[in-house]
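The values are calculated or read from the model by the stated rules, or taken from the named source; none is laboratory data. For clarity, every value in this text was computed on a predicted model and none was experimentally measured. Cβ atoms come from the backbone with ideal geometry, glycine included; neighbour counts cover every protein chain shown.
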């Protein structure tokens, strides 16, 4: 297709923006720009993998491939010597889908977890304000990054879009202000870049919604357990942030040339946090207690009693410090000191001097200490199964002989132990309701060294635990006892739903499309652009938006 007759596409990602939340706000008249796009164009709900909702979502979007194909299930890579490391996806096998070669002029602004691609004919700016960028702050051409910062400013929350405690209301308010400032600066930078030339494809990602939902969810949802402590009737901070994004989208669309196709999308969503505490606290502690009967790591509760109310997070103590303060200690004096002193002062001033540096390790003296599963890693070699670090689902690794450095599980017993661990996980219950805490356990591979169940490259985990969809702060297990209550880390966590809306030439108006998959976003964008669809894509264009069947190029 000749470039002068090509219809350009502007694609705006709303990172982790939840469709249920946005639809409620749009239906309430609070988001006029997004609601107008939905009314003038086509709209579809999307689903995605319920066993891989957060870790690999950006890589899946960028490559158009499922985790079992691209192999990047998590930023944490397990090593056979019972350690873990963080690694970005290197795009060795699959390049970002927007690398369209010399025939297309492309502008990419602040796509998270990406990499500068030499197949992009245009400009790329990465690491300006993205949530978890996992790449340097740089650009191609190289001087462009500094030019954008000079004209429009830095993003106030780059690599600091979190708070240490949900009880620190001042820090949450500072985060909100920083995110809103970042939204306005993002819009200004996008308008600047859009008006420099007629791009065939322009792509940016509003990461601010992602961060805001993690930390403001409880302030906007009265049914969340933390609303009782921090919610203010009549105020919805999350709505205020999303309204800022709505205005920013409007500013960008005002700069878009007539006849452009516009796509707004989210490849996964958000709900009340149901994964942080179960995956990073309950799971490693449960497996530790099962692996070492009679031992306790943290949060030893008292079964058979009524759990106290949900813990109110402390403003002056971080979540991980509060959690480490709950480490089991039979000595009442050191137990009291650990819970009242700062972790740093107690650990270095008392604990290490007295030789008390046992499992679970102090997070301040532990590689990847922000992840509680890593506090147990010195004990992994003596356990049949242990929990790996995670930002969403629970990840269980079996300790297999010949695969791990000091494996205990005979490879011939792999399936039996998987069944055993699955049965133990299903015994875990919410101590407040008595309902099962685990909804489903996914087997990831065919044998200890086999391929993935649904592809070539399995997760490092042998089992993936999908939790019940309600926040849980205390659990019971018939053999391991009670774990908790423990404080919530963040109030919002990811869910396997998203959306796509599109407007422009050839796009039907007011069309509600059937549910599709997040894997369909990249091929749909390319189809609207008139570009060929790579053979390795696992998704397909939404048919009503694709027009004529696009040509798939080989390779």
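Structure data summary
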read-out	value
All positions within the range 71-81 that are more than 17 Å from the chain's Cα centre (by Cα) and buried (at least 20 other Cβ atoms within 10 Å of the Cβ)	78
Residue within the range 494-501 that is touching a residue at least 24 places away in the same chain (Cβ under 8 Å), assigned to a loop (DSSP other than H, G, I, E, B) and within 24 Å of the chain's Cα centre (by Cα) present	yes
Residue selected from the range 249-261 under the condition in a helix (DSSP H, G or I) and either more than 25 Å from the chain's Cα centre (by Cα) or at pLDDT below 95 (or both), by the criterion surrounded by the most Cβ atoms within 10 Å (Cβ to Cβ)	252
Of all residues making up the range 80-97, the number that are assigned to a loop (DSSP other than H, G, I, E, B) and touching a helix residue (DSSP H, G or I) at 6+ places or on another chain (Cβ under 8 Å)	8
Residue list for the range 286-295, restricted to those being surrounded by 11 or more Cβ atoms within 10 Å (Cβ to Cβ) and either free of Cβ contacts under 8 Å to residues at least 24 places away in the same chain or assigned to a loop (DSSP other than H, G, I, E, B) (or both)	292, 295
Single residue of the range 8-32 satisfying the filter (part of a helix (DSSP H, G or I) and over 26 Å from the mean Cα position of the chain (by Cα)) that is surrounded by the most Cβ atoms within 10 Å (Cβ to Cβ)	32
Inter-residue pairs, beta-carbon under 6 Å, first outside the structural domain of residue 67 (by TED's automatic domain parsing) and in the range 83-107, second part of a loop (DSSP other than H, G, I, E, B), 6+ apart	none
Among (1) surrounded by fewer than 23 Cβ atoms within 10 Å (Cβ to Cβ); (2) in a helix (DSSP H, G or I), the one test that residue 225 misses	(2)
Some residue of the range 169-187 being within 19 Å of residue 98 (Cα to Cα), touching a residue at least 24 places away in the same chain (Cβ under 8 Å), assigned by TED's automatic domain parsing to the domain that holds residue 259 and touching a strand residue (DSSP E or B) at 6+ places or on another chain (Cβ under 9 Å)	no
Candidate set from the range 469-489 (those that are surrounded by fewer than 22 Cβ atoms within 10 Å (Cβ to Cβ) and either under 16 Å from the mean Cα position of the chain (by Cα) or closer than 30 Å to residue 264 by Cα (or both)); member that is modelled with the highest pLDDT	470
Qualifying residue in the range 36-57 (condition: modelled with pLDDT under 95, within 24 Å of residue 464 (Cα to Cα) and in a helix (DSSP H, G or I))	yes
Count of the range 369-388 residues which are within 17 Å of the chain's Cα centre (by Cα) and surrounded by fewer than 23 Cβ atoms within 10 Å (Cβ to Cβ)	1
Failed item, numbered, when residue 270 is tested on (1) touching a helix residue (DSSP H, G or I) at 6+ places or on another chain (Cβ under 6 Å); (2) assigned to a helix (DSSP H, G or I); (3) buried (at least 22 other Cβ atoms within 10 Å of the Cβ)	(2)
Single residue of the range 61-70 satisfying the filter (modelled with pLDDT under 95 and assigned to a helix (DSSP H, G or I)) that is nearest to the chain's Cα centre (by Cα)	67
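Let's see how each residue does on (1) crowded, with 19+ Cβ neighbours inside 10 Å; (2) over 20 Å from the mean Cα position of the chain (by Cα):
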site	(1), (2)
240	no, yes
247	no, yes
263	yes, yes
277	yes, no
297	yes, yes
320	yes, no
